[in-house]
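**Student:** Encoded as structure tokens, here's the structure I'll be asking about.
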Amino acid sequence: MTVTRRILGALLVLTGVVWIGQGLQLIQGSAMTGSTFWAVMGALCVAGGLLLLGWPWRQPRERSLPGRTIQSVDPSADNGSMTETSLEDLRRELADLEAEEALLSATRNHLQHQIDFGFETSTARDREREVSDQRQELHRRIDALRERLRGLQGV
């Protein structure tokens, strides 16, 4: 699998470099010459190829010891304090939501650039609306969580 991934990554990088050259008019004699689309697609191919070449892709192996079994924790443990959410839990949730918002914003920016630079399709437009709606809902959740944190910290 690793050899296949490396070969595919190298082919993507090579193809991407050729497409960038054609898109930027560095390589002449093709219908692709001078087309910004092919320069952008080439850059994406190079990025994908480099990702395939550089990503570790290893998954942790599950190790089990022969003759050993996992024992469950005593269910009679005190769970009383777990009903209230701690400030640290709320801060962690806020950080997770903000990270998710950053990813959605990056996706939205990418789609808007795609639409703005002439690669608009109905699929891209619909996806941009969907991502924008998700982002707005996420902002509502973030604002509510920040308000809750302010209230708890003021107490």
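The values are calculated or read from the model by the stated rules, or taken from the named source; none is laboratory data. The structure presented is a predicted model; accordingly, all values stated were derived computationally and were not measured. Note: ideal-geometry Cβ built from the backbone for every residue, glycine included; neighbour counts use all protein chains shown.
**Student:** For GLU84, which of the numbered conditions (1) at pLDDT 80 or above; (2) surrounded by fewer than 13 Cβ atoms within 10 Å (Cβ to Cβ) fails to hold?
**Tutor:** (1)
**Student:** Given the structure, is ARG140 loosely packed, with under 11 Cβ neighbours inside 10 Å, at pLDDT 90 or above and either assigned to a helix (DSSP H, G or I) or not assigned by TED's automatic domain parsing to the domain that holds MET41 (or both)?
**Tutor:** yes
**Student:** Here is a follow-up. Take the residues in segment 15-31 that are surrounded by fewer than 18 Cβ atoms within 10 Å (Cβ to Cβ) and not small (Gly, Ala, Ser), then tell me which one is nearest to HIS113 (Cα to Cα). Walk me through it before giving the result.
**Tutor:** Going through segment 15-31, the residues surrounded by fewer than 18 Cβ atoms within 10 Å (Cβ to Cβ) turn out to be 15, 17-18, 24-31.
From what's left, not small (Gly, Ala, Ser): 15, 17-18, 24-28.
Values: THR15: 23, VAL17: 22, VAL18: 23, LEU24: 19, GLN25: 22, LEU26: 24, ILE27: 26, GLN28: 27 Å.
Restricting to residues being surrounded by fewer than 18 Cβ atoms within 10 Å (Cβ to Cβ) and not small (Gly, Ala, Ser), the top hit is LEU24.
**Student:** Another question about this same structure. Scanning segment 102-137 for residues that are hydroxyl-bearing (Ser, Thr, Tyr) and surrounded by 11 or more Cβ atoms within 10 Å (Cβ to Cβ), which turns out farthest from VAL40 (Cα to Cα)? Break it down stepwise before answering.
**Tutor:** Of the residues in segment 102-137, the ones hydroxyl-bearing (Ser, Thr, Tyr) are 105, 107, 121-123, 132.
From what's left, surrounded by 11 or more Cβ atoms within 10 Å (Cβ to Cβ): 105, 107, 132.
Working: SER105: 20, THR107: 16, SER132: 24 Å.
Looking at residues that are hydroxyl-bearing (Ser, Thr, Tyr) and surrounded by 11 or more Cβ atoms within 10 Å (Cβ to Cβ), I get SER132.
**Student:** I've got another one for you. Is there any pair linking a residue in segment 130-152 that is in contact (Cβ under 8 Å) with a residue 12 or more places away in the chain to one that is of a type in the set (Ser, Thr, Tyr) and part of a helix (DSSP H, G or I), with Cβ under 9 Å and at least six apart or on different chains, and which?
**Tutor:** These pairs meet every condition: VAL131/SER105; VAL131/THR107; ARG135/SER105; ARG135/THR107.
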